[in-house]
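To start, the structure itself, in structure tokens.
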Protein chains: 2
Amino acid sequence: MRATASANSNIAIIKYWGQRDEKLVLPSNSSISFTMDGQLSTKTTVEFDRLLAKDGLVLDGAPAKDNETARVSAFLDLVRKKAGITARAKVVSSNTFPKSAGLASSASGFAALAAAASKAAGLDLGQKELSMLARRGSGSASRSIFGGCVEWRAGKKKDGTDCYAEQLSPPGKWRDLRNVIAISSMDEKKVGSAAGMKVSAKTSSLFAARLGAVEKRLALVRRAVRERDFEAMAPVIMQESDSMHAVMLDSWPPIVYLNETSFRIMRLVRELNESHGKYAAAYTFDAGPNAHVYTIARYAPEIRKALAELSGVMKIMECGIGEGVRFV
Amino acid sequence: MRATASANSNIAIIKYWGQRDEKLVLPSNSSISFTMDGQLSTKTTVEFDRLLAKDGLVLDGAPAKDNETARVSAFLDLVRKKAGITARAKVVSSNTFPKSAGLASSASGFAALAAAASKAAGLDLGQKELSMLARRGSGSASRSIFGGCVEWRAGKKKDGTDCYAEQLSPPGKWRDLRNVIAISSMDEKKVGSAAGMKVSAKTSSLFAARLGAVEKRLALVRRAVRERDFEAMAPVIMQESDSMHAVMLDSWPPIVYLNETSFRIMRLVRELNESHGKYAAAYTFDAGPNAHVYTIARYAPEIRKALAELSGVMKIMECGIGEGVRFV
């Protein structure tokens, strides 16, 4: 009744922003990400115990907040139902990156939790089932089940049985791909992703048009990943990020995650690409101001240096492409 | 062969962003603005003189830059052609607001120039013809021919003969309407509006969807203006501004005019409206970071105070609604 799993975060290049079903966590569009290496990782132990009166969650060494515990408990209910058990659980989870870094991702968290909880409950789930389970905790967690480049297919069915992630290419296939992360804020976001995407879908008059554009970008990115064609992938990554943040701005009330440093990084990456006469780097921003600059290993030192010199950049990390969820 | 005219700037609440014909300056959509009072005004004297070898332009007391003179000269060519004259002209133009305030608008400039130049050339143009002429200098100048609330109709004809501005309501109709302007940057913009809107129309996958949304907003705003219904107008003004800046961000390369202070003002206006339990103010941003906060006179002191206390705000102005172009 006890298991431990570890999962890495993933950073999407085709974004998840909008749901066709809130309860089942079914997205409006398919998304594509790279799974990061162990620098952005969550390790979680779940132990079901009939003697426990309620679920407990310890996060990075301290008791979690009530709302965090409640979210984990609701997720464990899904596992208990699936396994036909009723025991409460103790969950101990820790991240390899400081929670305050503004990178705290629910992706690695719910991927690790899905794996550990299902195993501890006696379930023996395949990767596809694990992806669907993790999805219920947090949409992007469905992608962290796999390593390398991963597509979370939106699917079409109402019950979500065709809505899960699949690996597009293994971690070893694109060894020199890097994500240089520039942290410009460690604040917690004011609008959570789930709430934000709901507002966008409901109020942005540009939301539907974005979905059409995403379909085209999905095809471009799938091909670029297959051929390891960074130059083809780079502009699409940036346009996709801009498009998502445009729809956020067009929402009512408007949602603004980017800050002045983010915009400065966008300009820096453009100038850097111009100076190379080709796409050496591509920025993408999630629901926050911190930049993820995808690049190729040989350009990484130059990009790190340029980012580090930029006013407003507090910390720089460099991630490679990593593995999917594993039991430890 | 000499005439002087004065025109006020206007601040659009339904924006002009995109052209269906670049040469004739025909917009992709109709737009609506309020003409400002004399605080944002340009006074221009044009004198045609057969002895002049070339056109000359004096701007705020100093010889203008070559590109500015060339733009005015190209506009005077249109007037000369219309009037059947060949004489070159001396143009002396001055603004009531400092050019460095980041408010320098081509709207008041080309409206005053169109009136002064056409009169000096012996033409006796009606307001509609004047509006079409001013349009050729700068699209938004077509609206500054009229005072009060003004709609520039996009028209449908290829030759632009149905593309001119009309007054929706006279300046005296909404006496307590105010525009509180918060200046947060006096830098010249890096991307000019004409160049920027061309990029958006060509590259933003959300551009077409925006045009559809604008049509709905035009209808809402026309009704709100007719009924002086500020509460109905306010959210539409803000959504329209957000929508334009969203399309700018979605363009490639992305166009970002807003700065951190702009976003701070957007939040401030939202909080202010929430504290009133109704729409007391509405922000709008042109192709620059400076905020135009439309409000009603009784809220203006509170809004001025709140804006003045905001970090990044350098200067505040308060404009009422003003008259159209006139000869002086």
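The values are calculated or read from the model by the stated rules, or taken from the named source; none is laboratory data. Owing to the predicted nature of the structure, the values given are computational and were not obtained by experimental measurement. Every residue, glycine as well, gets a Cβ built from its backbone with ideal geometry; the counts of neighbours run over all protein chains shown.
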* Any idea how many residues of the stretch B:223-238 are within 14 Å of chain A (Cβ to nearest Cβ) and either over 15 Å from A:Thr203 (Cβ atoms) or surrounded by fewer than 23 Cβ atoms within 10 Å (Cβ to Cβ) (or both)? -> 4
* Is it the case that the stretch B:270-279 has a residue that's more than 10 Å from every other protein chain (Cβ to nearest Cβ) and on the phi > 0 side of the Ramachandran plot? -> yes
* Structure fact -> Of the candidates A:Ala194, A:Ala117, A:Ala182, the one satisfying the condition of being aliphatic (A, V, I, L, M) and within 15 Å of the chain's Cα centre (by Cα) is A:Ala194
* Report the residue count in the stretch B:213-226 for those that are touching a helix residue (DSSP H, G or I) at 6+ places or on another chain (Cβ under 9 Å) and not basic (Lys, Arg). => 6
* Structure fact -> If you go through B:Thr35, B:Thr96, the only one that is of a type in the set (Val, Ile, Thr) and at pLDDT below 95 is B:Thr96
* Just to be sure, is A:Ile145 farther than 30 Å from A:Arg178 by Cβ and modelled with pLDDT of 95 or more? -> no
* Go through the stretch B:184-211 and give me each residue that's modelled with pLDDT of 95 or more and either touching an Asp or Glu at 6+ places or on another chain (Cβ under 9 Å) or under 30 Å from B:Glu302 (Cβ atoms) (or both). => B:Lys198, B:Ser200, B:Thr203, B:Ser204, B:Ser205, B:Leu206, B:Phe207, B:Arg210
* Given the conditions (1) surrounded by 15 or more Cβ atoms within 10 Å (Cβ to Cβ); (2) assigned by TED's automatic domain parsing to the domain that holds A:Thr261; (3) within 21 Å of A:Met36 (Cα to Cα), report the number of the one that A:Tyr164 does not fulfil. => (2)
* For the stretch B:100-112, indicate whether the set of residues that are surrounded by fewer than 17 Cβ atoms within 10 Å (Cβ to Cβ) and either part of a loop (DSSP other than H, G, I, E, B) or of a type in the set (Gly, Ala, Ser) (or both) is non-empty. => yes
* Asked: What is the one condition in (1) surrounded by fewer than 22 Cβ atoms within 10 Å (Cβ to Cβ); (2) within 28 Å of A:Gln39 (Cα to Cα) that A:Cys149 does not satisfy?
  -> (1)
* the stretch A:239-250 - residue that is among the charged types (D, E, K, R) and part of a helix (DSSP H, G or I) and, of those, nearest to the other protein chains (Cβ to nearest Cβ) -> A:Asp242
* Residue match in the stretch A:305-327 (condition: crowded, with 24+ Cβ neighbours inside 10 Å, at pLDDT 95 or above and within 14 Å of chain B (Cβ to nearest Cβ)) -> no
* To do: Please tell me if B:Glu215 is more than 14 Å from every other protein chain (Cβ to nearest Cβ), out of contact with any Cys (no Cβ under 7 Å at 6 or more places or on another chain) and either touching a residue at least 60 places away in the same chain (Cβ under 8 Å) or under 18 Å from B:Ala282 (Cα atoms) (or both).
  => no
* Among the candidates A:Asn290, A:Asn273, which residue alone is surrounded by fewer than 22 Cβ atoms within 10 Å (Cβ to Cβ), under 22 Å from A:Phe34 (Cβ atoms) and of a type in the set (S, T, N, Q)? -> A:Asn273
* Counting only residues that are assigned to a helix (DSSP H, G or I) and in contact with a strand residue (DSSP E or B) (Cβ under 7 Å, 6 or more places away or on another chain), how many does the stretch A:251-268 have? -> 3
* Structure fact -> Filter the stretch A:137-153 for residues that are of a type outside the set (Phe, Trp, Tyr) and part of a loop (DSSP other than H, G, I, E, B); the one that is nearest to A:Phe110 (Cα to Cα) is A:Ser138
